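Readers should treat all values here as calculations from the given coordinates under stated rules, not as data from a laboratory. Predicted model only: the values in this text are computed from it and were never measured. For neighbour counting, all protein chains shown are included, and Cβ atoms are generated from backbone atoms with ideal geometry for every residue, glycine included.
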Amino acid sequence: MRSYIYCAFALALIAAPANAAKFTMQLKPTAEQISRMQGGIASVDSHTALSSVRLVQPEGDLKKRGAVQIIVMNHGDQPFNFGPENVTARLADGTAVAIISYDQLAREEKSRQTWRAIAAGLASMNSGQYSTTGTYSGSSHGTVGTTSYSGFHSGMATVSGTDPVAAAIENRRIFDNLAARNAAGREALQQNIRTTTVDPEQMFGGSVAIELPKSVHKGTADVPMIFTVTVGGDVHTFDAVLKRR
């Protein structure tokens, strides 16, 4: 039981978000850039003769981490590689905003799946168990030789065991839930950009995960932020602001 508590506590630590301020991110297009909306989500396009980049504003709140969508297009006559290493971010004061690599995200997801499996295995050990308590009473009488006797007795009894049918149903629910959560984690992971060659007149894109520096949570004002996306030999810069909620 103690091991189960420790494992469940560790799993909660992995899954629980940090106690941090909430922000929304708003992109601020320059005069040379194009602002767009699709399905209520804002994006900004930056164009050069050889490449185009679209940065899509994150939906919802950002706390410790968030993700931006980036789409690039190759207008040149030579292929180029594009991945998270081609994206940098910083606050207006120069503080770096970490870009989380796919490999790190994959390691974190593997760790979460390991703890989920441990918790599911421990939970399944108690599946189908039952326990019921009742009272009993009665009287007895008779003779031993020529001596007669009578008596009264009462007490409490506990009956426990395992119902195999209930155990099978509960275990199926536990491991179906585990499989669903793992599948959702893998699907979310696959949305993140991995380094890919983009051929001429081709497009490529996906998510890039960011981790906000601790300093953004200490103030009370909105926080300006700058993204730099390097595509081939071109450099595309995007202004944004983290608005405190």
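If R0 is 30 Å, what FRET efficiency do you get for Ser215 and Arg112 from their C-beta distance, rounded to 0.05?
So the FRET efficiency works out to roughly 0.65.
Just subtract the alpha-carbon distance of Ser148 and Ala98 from 0.36 nm times their residue separation and send over the number in nm, one decimal.
Gain on stretching Ser148 to Ala98: 9.0 nm.
What distance in nm separates the two pseudo spin-label positions at Met125 and Ala166, each 7 Å out from Cα along the beta-carbon direction?
Here the modelled spin labels are 2.0 nm apart.
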